[in-house]
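Input: a single structure, listed below in structure tokens.
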Amino acid sequence: MARRSPLVALDVRRDADRVTELLDGYDDVRRDGPDLTVHRALLDTFDWRIRRAGGALSWCDGTLTWRDRATGHTHTVAQEELPRWPDDVVAGPVHDLVADACDVRVLLPRVEVDLTVQRYRLLDDLDKTVVRIDLERGCVADGTPVASLVVRGVRGYDGEHAGLVRRLAEDLDGQTADGEPADIVFAAAGLEPGGYTGELAVSLEPTMAANEAIARTCRHLLQTMRANEDGVIADLDTEFLHDFRVAVRRTRSLLGASKRVLPGPVRDDFRRRFKWLGDVTTPVRDLDVFSLAIPEYADAAARGDLEVLQPLADLVAADQQQAHAALTTALRSQDYADLVSDWSETLEASPTDEETTEATDPIVEVARQRIWRAYRGVQRDGRAIDDDSPSEMLHRLRKDAKKLRYLLEAFGALFDADRTKVAVRELKRLQDNLGAFQDGEVQSQGLRGFAMRIARRPADVDTVMALGVLASHLEQVQDDARAQFAKRFARFDRSGNRALYEGLFSPKAVR
Amino acid sequence: MKVLATYSIKGGVGKTAAAANLAWLAARDGTPTLIWDLDPQGAVTFNYRIHPRVKGGAKGIVGEKRPLEDAIKGTDYRSLDLLPADLRYRHLDLLLDQVKRSTQRLDRLLSQFEDDYEWVILDCAPSLSLTSEAVLVAADAVLVPVVPTTLSTRTLDQLTAFVAEQVCTDVEILPFLSMVDRRKKLHRELQNELLDRDPRLLRTPIPNASAVERMGLLREPLVATSPHHPAAAAYQALWEEIRERLHETSR
């Protein structure tokens, strides 16, 4: 159900008792029934997708509410238990909003709080309720008190609502209305809403010393890994591991690009150790990709009938469990703990030796050289591929492109932002093609393995046939990608795009 | 969204009391409900303590110059909103007469609330007019209070004929007995006769009670202030019956 009425909240942690006194003293405000005790959970994904979609999602004693933060409109649905997955939400507008925002991510109760609610009403000359006022008091998990005054408009009485908010703000010594009740609770719980994002968001100055800029970026990536560790170990959803792996790969790319910025032995040591870390995460991720693709497989090979592919889903799940146990062991190992602490120390110390001749050069210059070099690598390897080239050459190009992409993402902001965006977009088109080729190959090989195991047991004939259809579908995906490669690469290597990269990153671009 | 209209050709038959109480019952469990007071007398609006005023009046609404949703007021009950009456609704017939497809106009106006409300209840002025026609076109069912008197039962027949001959919609006519005084022999006799004669008639009669009249004093629906009163219990039973009847039809 959609409700359109304004709502603001005031943080009254410091003077909650005064608020009670104040409201009891207003002639036109009445108590509205006895106090209530409620349990409220504020829900969002780990990377705040609900918030980024402009919503605030809360569950309170059997009702789930989505509030549009900008318009104040709310949708509610009766929901007996806290939903864990977007599809656990009862069908309707709330479900659709949550599903669109969260995609494959799990809903986490970011804060849970028990509240006592004192209810009041502002009445007009006909003794009609024109504003509802709730004083909500409680404590978050660590005992920090939270108190908010939630002033909720009644539809059609916006003027009265605004008037009361002004009056309260004045009487509470200029207390400003925050507007979002959830934020008051987040603040009390010490959470920074929207604080985590999987994006690489590090602000760098072009004149910064290269070693300092790279260390700052790597520190951010290390934080991303650490932030996702618990979620990976608890296996909450697939995106914890995805973000963890991306941070590892970005770190490896930066290490690769840090020649003459970091001492050789240091680079070699961490490149080896981060490669190990990347490798231990690969089996789980490959299985995650499989598991996420099963509905799509069912569409391609079994007319959407998931039941037919259940034996495959079961095998994937069993392997996932095993692979996840191995990954957990790795993340709890001394090797991992040492890697984190050694890397952290190294990033603080910024070590140099006689070979680190570019350590203190401006990052913009070092980044330009590295991006140019990576771009030339993509160009060279791509041009060498013709219709008969072996697939290894495409895989190598995929890796080259990935390196270039990471460098553009890490340092693109140091250059012309708009033109860099275009450069990334062009690269992404090429990467999509290479990715489809690679996925087709990895998945059809993986599928073959699963199919052999399924065929060894008494299996349903529909399942075996569907696997056959699926295998040829995946091969087709790969063949299509291969067939389109030449066109895609030609587009990437066309003169306009070359000029774009040259203008931004070639040695001639130096001003 | 289901649209119900409380409607009677004749006034003073408990139509508004039914609209006010049934709307509250519809919204009681959190079901989003809108009641639109189309009667220029504005008795429902008065009962819900809302000023009878709509910016732009009937002209603004019929001409669609002002968004109808801006006129909606929240009542004291969380899931129940009200579109207030306005004295200028008395010109609604004239205004509808000036627009194209006038009998479709209310239906079109209401369609914007499809996602917002599960129930819309229209309380209409007693008459047989262009407005009545528009209401009958917009409604899924029309609730007709029938006081067990000879005249009332005759107006029910008139309405049935009007719908069949003039309006030509598949609106369901749901008559119910209103202001029934079991002490009166005529009421008892006519009630039984009607129940036998008209299968459309809802089984629950609403008793004639001074508590219903007192609603105007308290300005709150009886079902909210005195849920255990026999008349409140009757509205409750009537509401259940309406829901069941509509459920059967929709199957």
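The values are calculated or read from the model by the stated rules, or taken from the named source; none is laboratory data. Source: prediction; values computed, not measured. Here the Cβ is made from the backbone with ideal geometry for all residues, glycine too, and neighbour counts use every protein chain on show.
The table below gives the values:
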read-out: Residue in the range A:104-114 that is nearest to the other protein chains (Cβ to nearest Cβ), counting only those that are of a type outside the set (V, I, T) and either part of a loop (DSSP other than H, G, I, E, B) or buried (at least 21 other Cβ atoms within 10 Å of the Cβ) (or both); value: A:L107
read-out: Filter result for B:Q104 (more than 14 Å from every other protein chain (Cβ to nearest Cβ) and surrounded by fewer than 22 Cβ atoms within 10 Å (Cβ to Cβ)); value: yes
read-out: From A:G194, A:G163, residue being small (G, A, S) and within 24 Å of the chain's Cα centre (by Cα); value: A:G194
read-out: Residue that is modelled with the highest pLDDT [pool: residues in the range B:42-54 that are assigned to a loop (DSSP other than H, G, I, E, B) and of a type in the set (V, I, T)]; value: B:I50
read-out: Entirely in the range A:175-262, the helices (runs of 4 or more DSSP H) that have 1 or more residues that are at pLDDT 95 or above and not assigned by TED's automatic domain parsing to the domain that holds A:A162; value: A:210-234, A:238-256
read-out: Criterion (farther than 28 Å from A:A413 by Cα, at pLDDT 90 or above and in contact with a His (Cβ under 8 Å, 6 or more places away or on another chain)) met by exactly one of A:V151, A:V146; value: A:V151
read-out: Qualifying residue in the range A:18-37 (condition: farther than 18 Å from A:V146 by Cα, polar (S, T, N, Q) and in contact (Cβ under 8 Å) with a residue 24 or more places away in the chain); value: no
read-out: Scope the range B:1-19; condition in a loop (DSSP other than H, G, I, E, B) and within 18 Å of B:V137 (Cβ to Cβ); matching residues; value: B:M1, B:Y7, B:S8, B:I9
read-out: Options A:D32, A:D11; residue that is modelled with pLDDT under 90 and assigned by TED's automatic domain parsing to the domain that holds A:A169; value: A:D11
read-out: Test result for B:L217, surrounded by 15 or more Cβ atoms within 10 Å (Cβ to Cβ) and not in a strand (DSSP E or B); value: no
read-out: Options A:P311, A:P351; residue that is in a helix (DSSP H, G or I) and modelled with pLDDT under 90; value: A:P311
read-out: The listed residue being in contact with a Phe, Trp or Tyr (Cβ under 6 Å, 6 or more places away or on another chain) and assigned to a helix (DSSP H, G or I), out of A:L447, A:L470; value: A:L470
read-out: Considering residues of the range B:55-88 that are of a type in the set (K, R) and in a loop (DSSP other than H, G, I, E, B) only, the residue farthest from the other protein chains (Cβ to nearest Cβ); value: B:K65
read-out: Hits in the range A:82-99 - residues which are in a helix (DSSP H, G or I), under 19 Å from the mean Cα position of the chain (by Cα) and more than 14 Å from chain B (Cβ to nearest Cβ); value: A:P86, A:D87, A:V98, A:A99
read-out: Yes/no for A:G156 being within 14 Å of chain B (Cβ to nearest Cβ), crowded, with 19+ Cβ neighbours inside 10 Å and without any contact (Cβ under 8 Å) to a residue 24 or more places away in the chain; value: yes
read-out: Members of the range B:156-171 that are part of a helix (DSSP H, G or I) and over 15 Å from B:D198 (Cβ atoms); value: B:F162, B:E165, B:Q166, B:V167
read-out: Qualifying residue in the range A:350-364 (condition: without any contact (Cβ under 8 Å) to a residue 40 or more places away in the chain, buried (at least 19 other Cβ atoms within 10 Å of the Cβ) and either of a type in the set (V, I, T) or under 21 Å from A:R267 (Cβ atoms) (or both)); value: no
read-out: Residues of the range A:1-15 satisfying the condition of being surrounded by fewer than 18 Cβ atoms within 10 Å (Cβ to Cβ), away from chain B (no Cβ under 14 Å) and not basic (K, R); value: A:D15
read-out: Filtered residue count, the range B:101-155, keeping only those that are part of a helix (DSSP H, G or I) and either under 25 Å from B:H91 (Cα atoms) or in contact (Cβ under 8 Å) with a residue 40 or more places away in the chain (or both); value: 24
read-out: Output for the range A:55-79, where each listed residue is exposed (fewer than 14 other Cβ atoms within 10 Å of the Cβ) and more than 14 Å from chain B (Cβ to nearest Cβ); value: A:A70
read-out: Single condition B:M1 does not satisfy, out of (1) within 13 Å of another protein chain (Cβ to nearest Cβ); (2) free of Cβ contacts under 8 Å to residues at least 40 places away in the same chain; value: (2)
read-out: Selection count where residues are surrounded by 16 or more Cβ atoms within 10 Å (Cβ to Cβ) and without any contact (Cβ under 8 Å) to a residue 12 or more places away in the chain, scope the range B:63-100; value: 1
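Listed here are the residues, each with its yes/no results for (1) farther than 17 Å from A:R14 by Cα; (2) away from every other protein chain (no Cβ under 14 Å); (3) in contact with a strand residue (DSSP E or B) (Cβ under 7 Å, 6 or more places away or on another chain).
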| residue | (1), (2), (3) |
| --- | --- |
| A:Q118 | no, yes, yes |
| A:D127 | yes, no, no |
| A:V146 | no, yes, yes |
| A:F186 | no, yes, yes |
| A:L200 | yes, yes, no |
